[in-house]
Amino acid sequence: MAEELSPTRERRQGGITLLLAIVAVMWGAEIVDTIANHRLDQYGIEPRDSDGLSGIIAAPFLHAGFGHLVGNTIPLLALGFLIALGGAVRVVAVTVIVALVSGVGTWIIGPDNTNHIGASGVVFGYATYLLSRGLFNRNLIEIGLGVAIGALFGGALLAGLEPQEGISWQGHLFGAVGGIVAARMLAPKSEDEPSRIPS
């Protein structure tokens, strides 16, 4: 007889499955991009160029080689797993908010004649979402988790915000802003009101 999943367990499994699907699309895109001699990379974010607006959606799935992809995959899975425990809807909401804020911010302030690709903006957003959501939710467990994430990833987060040649610190910065925006938008308005997205 098949075991019936509880709503909470089913929701968690849905979140984890969606996260794995996002990562699978990134890896599939990089395989295709490698076969196509990196032609997909042209669809990244090109600041203040109308053609570069499509990169706001495409850029998180495109990477400058497998080393870049691995460097983003590991923290994306680690941080994304904690978000995925809230279910697929939570993963979608946080990812969309972070990717939009990161992408639009990069498109506005990125240097001319540059092309920004990679999921690091989403990684930074996931990190700051987890760092800040406990403050907005007034949840001691989530605050403790945020402190632990700050201890583990704080140095890398700060280093990633330092302007460096060939690194999209703009994507990192606005991804981090997007994580805080997501935590605020998805938090309950008051202690009596449930969260807007199932947690």
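So in the stretch 18-33, with the set limited to residues that are surrounded by 13 or more Cβ atoms within 10 Å (Cβ to Cβ) and not hydrophobic (A, V, I, L, M, F, W, C), which one is farthest from the chain's Cα centre (by Cα)? In this case the residue turns out to be D33. Would the stretch 155-171 turn up any residue that is closer than 30 Å to R39 by Cβ, aliphatic (A, V, I, L, M) and not in a helix (DSSP H, G or I)? There is at least one residue in the stretch 155-171 that is closer than 30 Å to R39 by Cβ, aliphatic (A, V, I, L, M) and not in a helix (DSSP H, G or I).
Among the criteria (1) assigned to a helix (DSSP H, G or I); (2) under 13 Å from the mean Cα position of the chain (by Cα); (3) buried (at least 19 other Cβ atoms within 10 Å of the Cβ), the one S132 does not fulfil is (2).
So that you can scan it fast, the table gives a plain yes or no per residue for (1) touching a residue at least 12 places away in the same chain (Cβ under 8 Å); (2) buried (at least 21 other Cβ atoms within 10 Å of the Cβ):
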| site | (1), (2) |
| --- | --- |
| G146 | yes, yes |
| A159 | no, no |
| S168 | yes, yes |
| H172 | yes, yes |
| G178 | yes, yes |
| A182 | yes, yes |
| P188 | yes, no |
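Only one entry of Y126, Y43 meets the criterion of being touching a helix residue (DSSP H, G or I) at 6+ places or on another chain (Cβ under 8 Å), buried (at least 16 other Cβ atoms within 10 Å of the Cβ), among the aromatic types (F, W, Y) and under 28 Å from R184 (Cβ atoms), and that entry is Y126.
Every number in this text was worked out from the coordinates using simple rules, so none of it is lab data. Every value quoted in this text rests on a predicted model; they were computed, and no experiment measured them. With ideal geometry, Cβ positions are generated from the backbone for all residues, glycine too; neighbour counts draw on all protein chains shown.
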